[in-house]
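Asker: One structure, as structure tokens, below. Some questions next.
The values are calculated or read from the model by the stated rules, or taken from the named source; none is laboratory data. Every value quoted in this text rests on a predicted model; they were computed, and no experiment measured them. Please note: Cβ atoms are built from the backbone with ideal geometry, for glycine as well, and neighbour counts cover all protein chains shown.
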């Protein structure tokens with residue numbers, strides 16, 4: 001099948017990584033994949049590095065008629081059979097271009113934010129899309145209801161973990177902990193994400209402040225993003241030097257994840273099934289997350305981790321203390337977390353499901 005991915009997002013985060021991982025897997029399965037990406041977008045270089053043909057277009061609303069023409073020209077040139085759209089503007093323009101060109105269209109919704117009800121949902125997720133994919137079950141149910149889609153036209157396909165890549169060297173893990181000053185008998189608690197306001201970094205910092213009298217705890221934030229300077233200022237204001245460390249963007253992230261004794265993701269909006277939480281689970285790290293979006297599909301409360309309310313640092317502190325006080329329970333949770341990923345969240349399972357979606361897109 002000849003596939004075209006469109007992406008108007010300028011960033012490089014979980015959404016863009018998911019698109020690239022899927023594209024690589026589909027290429028290995030014999031499909032031909034082309035990209036149309038926001039000019040200068042974060043996905044452009046990684047996609048080209050991976051050997052894909054990439055077109056850069058300026059996805060601006062004021063250029064919509066020209067963008068529509070350019071997309072239709074690309075679709076005709078490469079005889080595209082299916083267009084997979086991923087963000088708002090390219091969802092509209094790519095969907096219309098696909099329909100006018102006689103292509104099948106899949107709309108992938110990566111976030112768990114609410115979709116505007118009414119005509120917007122009906123047009124974007126029903127009329128313009130043959131199939132709709134979300135990255136968590138909660139969002140699939142919402143979109144199905146709002147856009148009046150049957151079960152066969154909207155499904156959740158979480159991003160799968162590539163077990164061949166999600167590995168960590170023990171010596172590198174020890175070195176990472178040593179760099180942060182984590183000594184024998186001490187614990188490292190951390191998160192890994194794009195640093196945006198809704199990721200709950202402030203709650204992690206507040207939790208670290210609440211537990212500052214427990215000297216055996218160290219904290220690490222792995223990642224970068226638009227809100228990084230804000231969190232650095234908050235860190236300084238709370239007086240957390242020497243206790244909470246910002247490690248920046250680390251690629252690949254698995255050494256950092258494996259170095260953590262507990263993995264936290266305290267998002268209060270927008271989450272699908274988080275790739276970072278899946279990777280931490282594969283590495284047998286107990287989880288502490290909120291129930292936001294798809295986080296609760298991986299952090300099964302009292303089984304693979306503990307669910308805490310959003311924006312509640314005190315609850316996070318209690319969960320941290322509870323798990324650190326019981327090593328046997330931590331180990332069991334980590335083992336159950338990995339078993340869950342093996343059952344439900346592997347890369348092969350994701351690719352199988354996406355091929356099923358693409359095949360189903362041939363008819364409503």
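Asker: Looking at (1) within 28 Å of residue 248 (Cβ to Cβ); (2) touching a strand residue (DSSP E or B) at 6+ places or on another chain (Cβ under 9 Å); (3) free of Cβ contacts under 8 Å to residues at least 40 places away in the same chain, which is the only condition residue 12 fails?
Answerer: Checking residue 12 against (1) within 28 Å of residue 248 (Cβ to Cβ); (2) touching a strand residue (DSSP E or B) at 6+ places or on another chain (Cβ under 9 Å); (3) free of Cβ contacts under 8 Å to residues at least 40 places away in the same chain, the one that fails is (2).
Asker: Enumerate the helices (runs of 4 or more DSSP H) found wholly within region 273-351, keeping only those where 1 or more residues are within 17 Å of the chain's Cα centre (by Cα), within 18 Å of residue 203 (Cα to Cα) and not assigned by TED's automatic domain parsing to the domain that holds residue 112.
Answerer: Values: elements: 275-282, 295-298, 313-324, 327-344.
Of the helices (runs of 4 or more DSSP H) lying wholly inside region 273-351, those with at least 1 residues that are within 17 Å of the chain's Cα centre (by Cα), within 18 Å of residue 203 (Cα to Cα) and not assigned by TED's automatic domain parsing to the domain that holds residue 112 span 275-282, 295-298.
Asker: So for region 145-167 (the condition being outside the structural domain of residue 259 (by TED's automatic domain parsing), modelled with pLDDT of 90 or more, closer than 18 Å to residue 352 by Cβ and over 20 Å from the mean Cα position of the chain (by Cα)), does at least one residue qualify?
Answerer: The answer is no, given that none of the residues of region 145-167 is outside the structural domain of residue 259 (by TED's automatic domain parsing), modelled with pLDDT of 90 or more, closer than 18 Å to residue 352 by Cβ and over 20 Å from the mean Cα position of the chain (by Cα).
Asker: Only one of 83, 44, 105, 133 is surrounded by 14 or more Cβ atoms within 10 Å (Cβ to Cβ) and within 23 Å of residue 270 (Cα to Cα). Can you tell me which? Before the answer, list the steps.
Answerer: Working: 83 fails: within 23 Å of residue 270 (Cα to Cα); 44 fails: within 23 Å of residue 270 (Cα to Cα); 105 fails: within 23 Å of residue 270 (Cα to Cα).
That would be 133, the only listed residue that is surrounded by 14 or more Cβ atoms within 10 Å (Cβ to Cβ) and within 23 Å of residue 270 (Cα to Cα).
Asker: May I pose another question? Only one residue in 71, 4 is touching a helix residue (DSSP H, G or I) at 6+ places or on another chain (Cβ under 7 Å), farther than 26 Å from residue 158 by Cβ and surrounded by 21 or more Cβ atoms within 10 Å (Cβ to Cβ), so which one is that? Break it down into steps so the answer makes sense when it comes.
Answerer: On the way: 4 fails: farther than 26 Å from residue 158 by Cβ.
Just one listed residue meets the conditions, 71.
Asker: State which residue is nearest to residue 296 (Cα to Cα) when the search covers only region 139-155 and only residues that are crowded, with 21+ Cβ neighbours inside 10 Å and in contact (Cβ under 8 Å) with a residue 24 or more places away in the chain.
Answerer: Of everything passing the filter in region 139-155, 139 is nearest to residue 296 (Cα to Cα).
Asker: Of the numbered conditions (1) over 22 Å from the mean Cα position of the chain (by Cα); (2) touching a residue at least 12 places away in the same chain (Cβ under 8 Å), residue 175 fails exactly one; give the number of that condition.
Answerer: (2) is the only condition that residue 175 fails.
Asker: Sort out which residues of region 201-241 are in a helix (DSSP H, G or I) and either exposed (fewer than 13 other Cβ atoms within 10 Å of the Cβ) or on the phi > 0 side of the Ramachandran plot (or both), and write them in order of number.
Answerer: Filtering region 201-241 for residues in a helix (DSSP H, G or I) gives 201-210, 228-237.
Answer for region 201-241, where residues must be in a helix (DSSP H, G or I) and either exposed (fewer than 13 other Cβ atoms within 10 Å of the Cβ) or on the phi > 0 side of the Ramachandran plot (or both): 229, 233, 236, 237.
Asker: Condition first: part of a helix (DSSP H, G or I) and at pLDDT 95 or above. Now tell me which residues in region 171-197 satisfy that. If you could, list the steps in order and put the result at the bottom.
Answerer: Step one: list which residues in region 171-197 are part of a helix (DSSP H, G or I), which gives 171-179, 197.
Result: 171, 172, 173, 174, 175, 176, 177, 178, 179.
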